[in-house]
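The values are calculated or read from the model by the stated rules, or taken from the named source; none is laboratory data. Quantities reported herein were computed from a predicted structural model and do not represent experimental measurements. Here the Cβ is made from the backbone with ideal geometry for all residues, glycine too, and neighbour counts use every protein chain on show.
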Amino acid sequence: MRPVFVSAIASVFLMACGNSAANDPAGTEAADTASTDHHTAGEADVAAVDQTAAGESGTHESDGVTGQVFAAETELFGYYIPDTDVGSGDIRLDHISVGMDWEFEEFFAGQPDRYQPLVMAFDDVSSPTGVGELGNTYYEVSYAVFPENFLITDSAMTFSGTHDVIGAYSFEGTFNAAQVEAFHQGFPAEGALTGTLRIGDEVFENVSFQGWMGD
């Protein structure tokens, strides 16, 4: 598996998605030049193109994404919290966090103290609870799950992997641009992300996530 940071070729992916920013001739020329210098051919790039096309046709094949691709120009960072209980047994999804573009860049560069920019956080709701410094209640047993394969564009996010406790999982979802912008400005944002989460044999369809910037 070869992680690939493709901010330099994001316009190529966005053009496939019909993003208006890709219609800027100057931007297109710059993207073509940058892609010549920085593009690395591989499974991840092929998967990115295939997944973009799948999104346009209304289908998703998350298992086909076999690399790590971040191709978003829109600010998507923050916490995405499910509006309903999602999980298997006593294991429940608390949130999905998406990092900033520079955090993805550092992650792909392999810096020693790099921050994992894409995380699913699960809680064991059967475990004891504690109280944090801000008065929040938390479960003492939780799991940070780092997707092994992912594709993130301005409009969609797909990822998959396996975890010792969670098992096999995958997610296919789309961002609501207006709601993402709203929570970045400090406003309530319901439905900032909507998608289908699979954990083992269990499928949770049309899960809606509210956006939150954190404390």
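Restricting Gly167, Gly173, Gly191 to those that are closer than 19 Å to Thr84 by Cβ, assigned by TED's automatic domain parsing to the domain that holds Gly89 and surrounded by fewer than 18 Cβ atoms within 10 Å (Cβ to Cβ) reduces the list to Gly191. Here is a check on your reading of the model: is Phe204 in the same structural domain as Leu151 (by TED's automatic domain parsing), in contact with a Leu (Cβ under 6 Å, 6 or more places away or on another chain) and either in a loop (DSSP other than H, G, I, E, B) or surrounded by 13 or more Cβ atoms within 10 Å (Cβ to Cβ) (or both)? The answer is yes for Phe204.
Taken together, Glu181, Glu202, Glu172 contain a single residue that is out of contact with any strand residue (DSSP E or B) (no Cβ under 9 Å at 6 or more places or on another chain) and among the charged types (D, E, K, R), which is Glu181. Taking the stretch 125-159 as the range and being surrounded by fewer than 20 Cβ atoms within 10 Å (Cβ to Cβ) and either within 15 Å of Ile96 (Cα to Cα) or in contact with a Lys or Arg (Cβ under 8 Å, 6 or more places away or on another chain) (or both) as the test, the residues that pass are Val125, Ser142, Tyr143, Ala144, Phe146, Glu148. Of the strands (runs of 3 or more DSSP E) lying entirely inside the stretch 91-185, those carrying at least 3 residues that are closer than 18 Å to Gln210 by Cα are 91-98, 118-124, 156-163, 167-175.
Does the stretch 81-101 contain at least one residue that is at pLDDT 50 or above, in contact with a His (Cβ under 9 Å, 6 or more places away or on another chain) and buried (at least 16 other Cβ atoms within 10 Å of the Cβ)? Checked against the condition, which is being at pLDDT 50 or above, in contact with a His (Cβ under 9 Å, 6 or more places away or on another chain) and buried (at least 16 other Cβ atoms within 10 Å of the Cβ), the stretch 81-101 yields at least one hit.
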